[in-house]
1. Please state which one of 186, 190, 210 is within 15 Å of residue 109 (Cα to Cα) and without any contact (Cβ under 8 Å) to a residue 24 or more places away in the chain.
2. Given the condition modelled with pLDDT of 90 or more, surrounded by 13 or more Cβ atoms within 10 Å (Cβ to Cβ) and not in a helix (DSSP H, G or I), answer yes or no: does some residue in the stretch 115-129 qualify?
3. Of all residues in the stretch 270-303, count the ones that are among the small types (Gly, Ala, Ser), out of contact with any Phe, Trp or Tyr (no Cβ under 8 Å at 6 or more places or on another chain) and either surrounded by fewer than 15 Cβ atoms within 10 Å (Cβ to Cβ) or assigned to a helix (DSSP H, G or I) (or both).
4. Filtering the stretch 15-54 down to residues that are closer than 16 Å to residue 73 by Cβ and surrounded by fewer than 17 Cβ atoms within 10 Å (Cβ to Cβ), which residue is nearest to the chain's Cα centre (by Cα)?
5. Just to be sure before I move on: is residue 191 on the phi < 0 side of the Ramachandran plot and not in a helix (DSSP H, G or I) in the structure I sent?
6. Which residues, taken from the stretch 96-114, are among the basic types (Lys, Arg) and either in a helix (DSSP H, G or I) or modelled with pLDDT of 90 or more (or both)?
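The values are calculated or read from the model by the stated rules, or taken from the named source; none is laboratory data. Note that the structure is a prediction, hence the values are computed from the model and not measured. Backbone-built Cβ (ideal geometry, glycine too); neighbour counts: all protein chains shown.
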Amino acid sequence: MTDKLQDLNFLHLFYFWSVVRNGGISAACETLNLTQPTISTQIRKLEKSLEQKLFHRTGRELVVTDVGKMVFEYAEDIFSAGREMLGALRGLPTDRSLKLMVGIPMVMPKLIVYRLLETILHFPHSVQIVCHEAPLDLLIADLAQHRYDVILSDAPLPSHTAARSFSHYLGSSGVAICATRELAGRLQRRFPDSLDGVPMLLPTANTELRRGLDRWFDDRGFAPRIVGEFDDSALIKEFGGAGAGVFPTPTAVLPEVTRQYGVQLLGYLDDIKLHYYAITLERKMTHPAVVAISQAATEGLLEGGKAK
């Protein structure tokens, strides 16, 4: 396999990129003014040098393999930069954006993620945000391979993690319980005692919020009737908005939750606190977009509702 940059034939890579970008060899031939055998031969040479199949045939169609998709993504960056370089040499303005690669644990509340990343939309320079969701341990492994600039998490780096990474505290939020107007009307007067035995929609057990809720219930001897457990925090709110049960939400995004899902505040769980972190490879954050996120969070970005 090619393991030195000088061994990679960028012309072969260009032909492969053109085929994928144009939707097939025939279209690439028209764009490049080359014959089909010429392009096919160059792509086979690329596959041989990489020792990987970039296409497989389905009937008469060429379909990009998973490896081919990865190679194409890298080629997109390479040739996009090349076009910008040529434009700059001709004195043309460039709109090259800063890229922020963000890892998001599947259990991380999406409204919190948006609140943290929203500040980048107002960044003085153009920033392209690329988000990927996965379990935290997989994200940390990929972070060690420099596939992410930052992981936004509701938990600090696990103590057993072998990868050299650092957790940067961003801020905290309280926890509120929400329900439909009808359900809240029945439970409001005796809250929080009314939560004992009530139908509840909860995050799965591998989340900081769930662990805090379980401790809170145990301390009071409550036995909530769990009607649904979810990895996806947005799905909890969809079910809650439909009246399937009461559900918890960070107070930092309480106004957005009540507005988007047509629910109302039932009450606050004052003894539970949620904390959020930016996990990076550096002890001191260096990516300007990550620094901006941290600064905005430090200035109270995650405060909202009764988040004190």
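1. The conditions single out 210.
2. Taking every residue of the stretch 115-129 in turn, at least one turns out to be modelled with pLDDT of 90 or more, surrounded by 13 or more Cβ atoms within 10 Å (Cβ to Cβ) and not in a helix (DSSP H, G or I).
3. 3
4. Checked the stretch 15-54; the qualifying residue nearest to the chain's Cα centre (by Cα) is 21.
5. Details: on the phi < 0 side of the Ramachandran plot: yes; not in a helix (DSSP H, G or I): yes.
The answer is yes for residue 191.
6. 110
Residue by residue, here is whether (1) more than 30 Å from residue 238 (Cα to Cα); (2) part of a strand (DSSP E or B) holds:
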| position | (1), (2) |
| --- | --- |
| 142 | yes, no |
| 151 | no, yes |
| 155 | no, no |
| 158 | yes, no |
| 173 | no, yes |
| 176 | no, yes |
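One line per residue, one yes/no per condition, for (1) under 20 Å from the mean Cα position of the chain (by Cα); (2) of a type in the set (D, E, K, R); (3) farther than 15 Å from residue 171 by Cβ:
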{"site": "232", "(1), (2), (3)": "yes, yes, yes"}
{"site": "235", "(1), (2), (3)": "yes, no, yes"}
{"site": "259", "(1), (2), (3)": "no, yes, yes"}
{"site": "265", "(1), (2), (3)": "no, no, yes"}
{"site": "282", "(1), (2), (3)": "yes, yes, yes"}
{"site": "301", "(1), (2), (3)": "yes, no, no"}
